[in-house]
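Shown next, in structure tokens, is the structure this report addresses.
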Amino acid sequence: MTKSSNLPKYVSLSKTGVYQYRRRVPDNLRATLGQTEIKRGFGKDYGTMLKEYAKLEQQVDQWFAEAKPKQGDNYAPIVNAAMRKYGITMQLLATAARNNDDSKDGKALDAAILAMLDELAGNDPRNPKIPAELIRELSAGRSIVTLESALEEHRDRQIRKNPASETQIRTRFARHIAALTTSLGRDLVSKRSLAMIRRINANSFRDCLFDLGHKPSTVRRTFNDINAAVNKAINEHDLDMANPFSKIEIEGAQHSKDDRLPFTDEEMQQLAPVMKGEDIRSHIWTILRDTGARPKEIIGLRGCDFNEKDATIYIRSYEGNRLKTAHSERELPIPARLASRLADLIPEKATEPLFPSYKNAPRGNDSCTQALNKRIHRAIEDQKKSVYSLRHRFKDLLRDTDCPESLAREIMGHSDQSSAANYGRGSSLRRKREAMEKVWSVSREDLQ
């Protein structure tokens, strides 16, 4: 066993035999880096530890070098002093940017603003007092772009796209901002320029989420939102910076085929009596079982999306019902027996939902999924089995019945990134029905 005296600097050996790296962040760099200590675990193998240690030490040295205070790194005092000197407020800046005032007072204000901006730019273009990005923001009458403002702008875009989910979207982004503030500090998140955030801050935020007990998939979804918001801010505000949240490594966040295991034939037999009935949840379960569709897609069905005569359903996007991808919109055959059962659910107005108790309820998709999962776990103990296991099972059955992969993608509503896949109208209903009937004939539990 390796003695602690032989370990590299900043590395110690825990009681459980794990090599741990802990390096204190210098006091004058803490505000910039947003943390007081760099901590990492290297596992229990000595050779692996030495390799990882060398890489991390090099990276930490680089972070410290980049974070050393530079002239103008904290720009607020410089900008505020210049604005006081020339008698300019943010309101006056915004007014001057919006209006073309040729009056004497208007021209005087323009001259004062230009003089202030020239002073802030400095005499040396290679070493300005404040970045060119901030000069552009002030010239346009805008305040500094912060991480918080970038997230709020992206939040508002998401709400405009999907107004029915406004409450959930606001809650999600408020959670992101709160978590970032806890990890990085309010100053870096809400007051300082977005360009001041560095890669080490993004990595620190990721580690903080893991320390709080978040699952890798949750961390990945959080970073997806933040990454998209920062990318949009960089483009919209013409910022000269790289996105520090882009391509952050999140261990364990990759999808695995074992994330949601498909139901076996035996399990489907166990579930048949539990799911049997004429209630709304039984109907939704049967459609999911016979189409492999996503729960949200079925809950979003309206009267006009169901054709009893042809025994089909049309999964489509409409206001208040946003699908996962453009390829999710599709028409699917269903068994004639199921079509007969659904006929009793057709609402008076064709645009009304088939399942209003879930579609019209707040978080109705989640409520339906949770209710079905409770039924599932009455018969099956495995917590990896859920409503989504039906979708995995259906895809497996398509493979087992030799359904071509391109046709299976169309039936499942999966994206196909090839250019060829985007030409033509897609496969016919007859071809889809032939493939799906093979699945129905193999999966006999649909005869309940």
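Of the listed peptides 373-386, 149-162, what is their order by residue-averaged count of other C-beta atoms within 10 Å, with the highest listed first?
Packing proxy ranking, top to bottom: 149-162, 373-386.
Cα axis of helix 388-400 to longest principal axis of the chain: angle in degrees, 0 to 90, nearest 10?
60 degrees
Give the residue from 10, 145, 169 lying farthest towards the positive end of the charge dipole for the chain; charges sit on Cβ (+1 for Lys and Arg, -1 for Asp and Glu) and the dipole is referred to the Cα centre.
Farthest towards the positive pole: 10.
Using heavy-atom solvent-accessible surface (probe 1.4 Å) with all chains present, what is the largest-first order of 53, 388?
388, 53
Give a residue-ordered list of calculated ³J(HN,Hα) values for segment 244-249 (Karplus: 6.51 cos²θ - 1.76 cosθ + 1.60, θ = phi - 60°; whole Hz; x for Gly, Pro).
These are the phi-based 3J(HN,Hα) values: x, 8, 7, 6, 6, 6 Hz.
Can you work out ³J(HN,Hα) from phi for every residue in segment 373-386, in order, using Karplus 6.51 cos²θ - 1.76 cosθ + 1.60 and θ = phi - 60°, giving whole Hz and x for Gly and Pro?
Karplus values, whole Hz, x for Gly and Pro: 5, 4, 5, 4, 7, 5, 9, 10, 7, 4, 6, 7, 8, 8.
If you compute Cα extents along the principal axes in Å for the structure shown, which of (i) 68, 60, 49; (ii) 90, 59, 47; (iii) 81, 79, 40 do you land on?
Only one listed value fits the structure, namely (iii).
Go through 100-106, 6-12 and give me the packing order, highest mean Cβ count within 10 Å leading.
The packing order, highest mean first, is 6-12, 100-106.
For segment 107-243, what D do you get in µm² per second when you plug the Kirkwood radius from alpha-carbon pairs into Stokes-Einstein at 20 °C and 1.002 mPa s?
D = 129 µm²/s.
Percent relative contact order of the chain, based on C-alpha pairs within less than 8 angstrom and at least six residues apart?
12 percent
With a 1.4 Å probe and all protein chains left in place, how much accessible area per residue does the chain have, in Å²?
With the other protein chains kept in place, the chain gives 55 Å² per residue.
Between residue 399 and residue 247, how high is the FRET efficiency from 1/(1 + (r/R0)^6) when r is the Cβ-Cβ distance and R₀ = 35 Å? Nearest 0.05.
0.65
Given the peptides 36-46, 172-182, arrange them by the average over their residues of other C-beta atoms within 10 Å, most packed first.
Peptide ranking by packing, descending: 172-182, 36-46.
Determine how large the accessible area of residue 246 is when every protein chain is in place; take a 1.4 Å probe and give Å² rounded to the nearest 10.
Surface open to solvent at residue 246 totals about 40 Å².
Would you kindly derive the ³J(HN,Hα) couplings of segment 44-58 from the backbone phi angles with the Karplus curve 6.51 cos²θ - 1.76 cosθ + 1.60 (θ = phi - 60°), listing them in order in whole Hz, with x for Gly and Pro?
For segment 44-58, the Karplus-derived couplings read 10, 8, 5, x, 5, 4, 4, 5, 5, 4, 4, 5, 5, 4, 4 Hz, x marking Gly and Pro.
Could you put 167, 48 in order of accessible surface area, largest first, with the 1.4 Å probe and the full protein assembly present?
Ranking 167, 48 by accessible area, largest first, yields 167, 48.
By how many degrees, 0 to 90 and rounded to 10, does the Cα axis of helix 147-161 deviate from the longest principal axis of the chain?
30 degrees
Do the sum for the chain: with -39,500 (n - 2.57) for every DSSP H run of n ≥ 4, divided by all residues, what is the mean residue ellipticity at 222 nm, to the nearest 500 deg cm²/dmol?
Helix-only estimate at 222 nm: -16000 deg cm²/dmol.
Put a dot 7 Å past each Cα toward the Cβ at residue 84 and residue 309; how far apart are the dots in nm?
Between residue 309 and residue 84, the simple spin-label model gives 7.9 nm.
Let me check I've understood the local charge: for residue 381, count other residues with C-beta under 15 angstrom from its C-beta, Lys and Arg +1, Asp and Glu -1. What total comes out?
Neighbourhood net charge equals +2.
The values are calculated or read from the model by the stated rules, or taken from the named source; none is laboratory data. Note that the structure is predicted; figures quoted are calculated from it, not measured. Note: ideal-geometry Cβ built from the backbone for every residue, glycine included; neighbour counts use all protein chains shown. What goes into the accessible areas is simple: the full protein's heavy atoms, side chains included, and nothing from ligands, DNA or RNA. Shrake-Rupley method; radii C 1.70, N 1.55, O 1.52, S 1.80 Å.
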